[in-house]
Structures are given as structure tokens and as C-alpha cells.
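Asks: One structure, as C-alpha cells, below. Some questions next.
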DNA sequence: GCTTGACCTTCCCATAAGGGGAAGCTTTAT
DNA sequence: ATAAAGCTTCCCCTTATGGGAAGGTCAAGC
């Protein structure tokens, strides 16, 4: 029941920058905010909740496109939780893949770093490993 | 000692797209390729090795900026492996942070997904958790 | 010798998810 | 009344990469 907030106040309260709030509105992720007579955007509880929703979803790593879908479901009283869960599980799969990829890099690079002297000498296992073998021609 | 390759052949051989090869040259990451009389770029062993280097470094997740530094060190006979290792260790730190962040998301989201029925009913633990508590006003 | 298709050139545009900042208007506080 | 702070729109920057157009070039086939 509080009176509507300006965009800066909404930003502080939700942790979403004013810049991003305008952007989310522009791309149709959020309904257009009401305006004062002079054109200032105004945010009521409904919009604030959606901003908080976006913030939380971003913190969970969802893309804006996924968040748009999630927000539509959130607003829809007839949604089926199956649809929400499907988006979440897909995202979990993506996260697992990213972790696997990063873990692979971590392992490979840690091995190379372990083999690098890290001193003032020029020879370096890391650099040596960086040129693929099939490009190493025996110098004339 | 093979004769120089065209950009397409170099792309196939190194796994770096022709588009990206031109881009790396444009941003000064690679020395300018030689040209035929008609303007076609030509790639010799030295350039091919650097393209392969870039490809490997990308596979290890290094940014183009980091790769530029690494390439400079690779070309410099007076480098100190310390400098190379420093870049690698910084990157390892970045990787660890990303893994930690993704793992955090994974844990949080898996918990929510476990609490979501995933059926045809509208109530959903995931959506419920998405609105921060401080934005939940007791509806009039 | 000419045509055709594959390859090359440069140039411009688009992506995701923001940030920076200018020019100008409004509101608030002194 | 004036100054500061906040709001508006508009445009440009980022990272690393892909898409595609318009036009020049090269090699193979006939």
C-alpha cells in the first residue's frame, strides 16, 4: 500500500540498476511502468516484486530470455509447475556443462603450471604446450 | 618449409575460423600476414604456429587480452617463465571463482527444483522462492 | 578461351547483459 | 531563487564471434 517509488528508489530496493530496469521494460520483459505527469516512471508493489524476481533469477544464473519465460509463468495463475521445473532443469544441465568445461580447463592448466618453473629462465612448459604438435615443423 | 597457405587452409589446419584470423590480425594480436599480388593473405609456419597457439589458449579459457600477453612472451626469447606462470595462475584463480559461483547456483537451484512438484498444478516452490521476502507485502 | 563455382577481399550488422556519459528537464532542499 | 540531485532519452563501448552483401580472383572443366 505504500505509494509508488521512483526508478532510483526501486533500484535501491530491488538491487537492479535503474539502467537495467529501463532496459527490461524496453525489451518487453516488464510491463510499462506508470508515469508521473512529467514523465517519471513509477513503481508499485507488483512491479517491484517482478524486479526482485529478476534479480533473484539473475543470481541463479538464468538468462534474460529464461527469466522472461519464468516471469510469464509467475504472472499466470493457470501455469503448470511442470513448465517452471523444465526451465530450471534445463538451466541445471547448462550449469553442469559449464562446470565440467571449467573443471577440464582447470585440470589441464594446473598441470601445465605445475610443470613451469616460474623463474627468470625463458623455458616454460606452459608456452611449450600451447603450440599443437602438428604445427611443429623440424626447423630446417 | 611447405609453401604458404591461404586463409581458408590455415583455418582448417588450425581450427581458427577465417573470420577470427582476420580479426586477430586487425586487433594487432597477430603480425600482418603477407599478401599475394592480388591481396590474398598468406600463412607460413610461424603464423600457423601462432594461430594454433591462440586456439589452444582459447581452449584453456584465456581471454584474447591474456592470449595477446602470452603470445608476446612466446615470441620473446628473453621472457621469464615467471611472467607466463603469473598469467596462468591468475586465470586459474578466475576459473576457480567461476566454478564456485556456478556450484553455488547449482546447489540453490537443485534445492528449489527438488521442492517443485513438476506437475500440472500451479503452485511452485521455484517461483515462490524467486520473490525476495522484503518485497512480499501482506495483500490488503 | 570462357564459364562456373569456390575462395578471397572489405564493410556493415547482430548477439548478451550490461556500463558510461551527454544534454536537457524536474524535483527537492537550502 | 538557486543549486544539487534525480529523472528522461539517446548514443557509444564492451567480448568474442558469426552472418551476409558486394565484388575481385583462381582453378577446373569443356
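Every number here is computed from the coordinates shown, using simple stated rules; none is lab data. Everything numeric here is computed off the predicted structure, so don't read it as measured data. Virtual Cβ from ideal backbone geometry, glycine too; neighbours counted across all protein chains shown.
Asks: Divide by every residue of the protein assembly as shown the summed helix terms, -39500 (n - 2.57) for each DSSP H run of at least 4, and state the resulting mean residue ellipticity at 222 nm, rounded to the nearest 500 deg cm²/dmol.
Replies: Values: 12 runs with 168 residues, N = 280.
Estimated from H runs of four or more residues: -19500 deg cm²/dmol.
Asks: Need the C-alpha centroid separation for the stretch A:48-83 versus the stretch A:1-25, integer Å.
Replies: Using only Cα atoms, the two centres lie 17 Å from each other.
Asks: With N set to the residue count of the stretch B:78-140, report its C-alpha Rg divided by 2.2 N^0.38 Å to two decimal places. Spell out each step's value before the answer.
Replies: On the way: Rg = 21.3 Å, N = 63, 2.2 N^0.38 = 10.6 Å.
Relative to the 2.2 N^0.38 Å estimate, the stretch B:78-140 comes out at 2.01.
Asks: May I ask for the angle, rounded to the nearest 10°, between helix A:81-114 and the longest principal axis of chain A, with both axes built from Cα atoms and the value confined to 0 to 90°?
Replies: Roughly 30 degrees, rounded to the nearest 10.
Asks: Express the Stokes-Einstein translational diffusion coefficient of chain A in µm² s⁻¹, to the nearest whole number, given a Kirkwood radius over alpha-carbon pairs, 25 °C and a viscosity of 0.890 mPa s.
Replies: On the way: Rh = 19.4 Å.
So the translational diffusion coefficient is about 127 µm²/s.
Asks: Let me ask you something else. How would you order A:48-57, B:126-135, A:31-40 from highest to lowest mean count of nearby Cβ atoms within 10 Å?
Replies: Working: A:48-57: 22.0, B:126-135: 17.1, A:31-40: 10.0.
Descending packing order for the listed peptides: A:48-57, B:126-135, A:31-40.
Asks: Something else: Let me have the relative contact order for the stretch A:16-85, percent, based on Cα pairs under 8 Å that are six or more residues apart. Numbers along the way, then the final one.
Replies: Working: 32 pairs, mean separation 15.4, N = 70.
Once divided by the residue count of the stretch A:16-85, the mean separation gives 22 percent.
Asks: A further question follows. Quick check on the exposure proxy: order B:105, B:20 from fewest to most C-beta atoms within 10 angstrom. Kindly include the intermediate steps, with their values, before the conclusion.
Replies: Working: B:105 19, B:20 16.
With the fewest neighbours first, B:105, B:20 line up as B:20, B:105.
Asks: Between the helical axis of A:45-59 and the dominant principal axis of chain A, each derived from Cα atoms, what acute angle in degrees is found, rounded to the nearest 10?
Replies: 10 degrees
Asks: Working from the alpha-carbon coordinates of the protein assembly as shown, get Rg over Rh, Rh being the Kirkwood radius. Don't skip to the end; give the middle numbers.
Replies: Working: Rg = 25.8 Å, Rh = 22.8 Å.
Looking at the protein assembly as shown, the ratio lands at 1.13.
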